[in-house]
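> Can you read through this structure? Questions will come right after.
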Amino acid sequence: MKREMILATLALSIALSTAMAQTSRKPNTPNTPNGPNGHAGTELIAWTQVQKPEPVPSPQPVPLRQQQPEPGPDTQSPNQPAPEHQYDPQKEPATQVFSGTIMKSGDKYVLKTADNMTYQLDDQQRARKFEGKQVQVTGTLDTDSTMIKVQEIKAAA
């Protein structure tokens, strides 16, 4: 009888230690990626009166696409052509005042300055009123096309 009692106690000890080993295993061990059935949170947990239950943190959503910075001169790939026009408020052309004479070049009115620079004018109607006169043109210069975006034309003082 003593022998049967010892065997029963031994069997119970082995069963309990096996059960405790299974419940203390973390869900992301190599043998079980998310739990015994491959689903997160499906493991049974045995709590003792000494342990305090703690909620399992829910998994964070994985973004579908990571945000990448807009390509710019310092992030541009050498094999990728640079975009032709990117709006940059800091590179917005400043308003300037140009002095010179309004002249006709072909069928367009232009501004010819004292240093022999010729600028196209985007407002041909305003320029027509000052043909042959010394003027001050206020506007912004497009350096690629040497076109002045006219804000104001007035006779030179």
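> Does region 68-78 include one or more residues that are among the hydroxyl-bearing types (Ser, Thr, Tyr) and either closer than 30 Å to Leu16 by Cβ or modelled with pLDDT of 90 or more (or both)?
No, because not a single residue in region 68-78 is among the hydroxyl-bearing types (Ser, Thr, Tyr) and either closer than 30 Å to Leu16 by Cβ or modelled with pLDDT of 90 or more (or both).
> For region 125-153, how many residues are over 16 Å from Lys112 (Cβ atoms) and surrounded by 12 or more Cβ atoms within 10 Å (Cβ to Cβ)?
Adding up the residues that qualify gives 8.
The values are calculated or read from the model by the stated rules, or taken from the named source; none is laboratory data. For clarity, every value in this text was computed on a predicted model and none was experimentally measured. Using ideal geometry, Cβ is built from the backbone for each residue, glycine included, and neighbour counts are taken over all protein chains shown.
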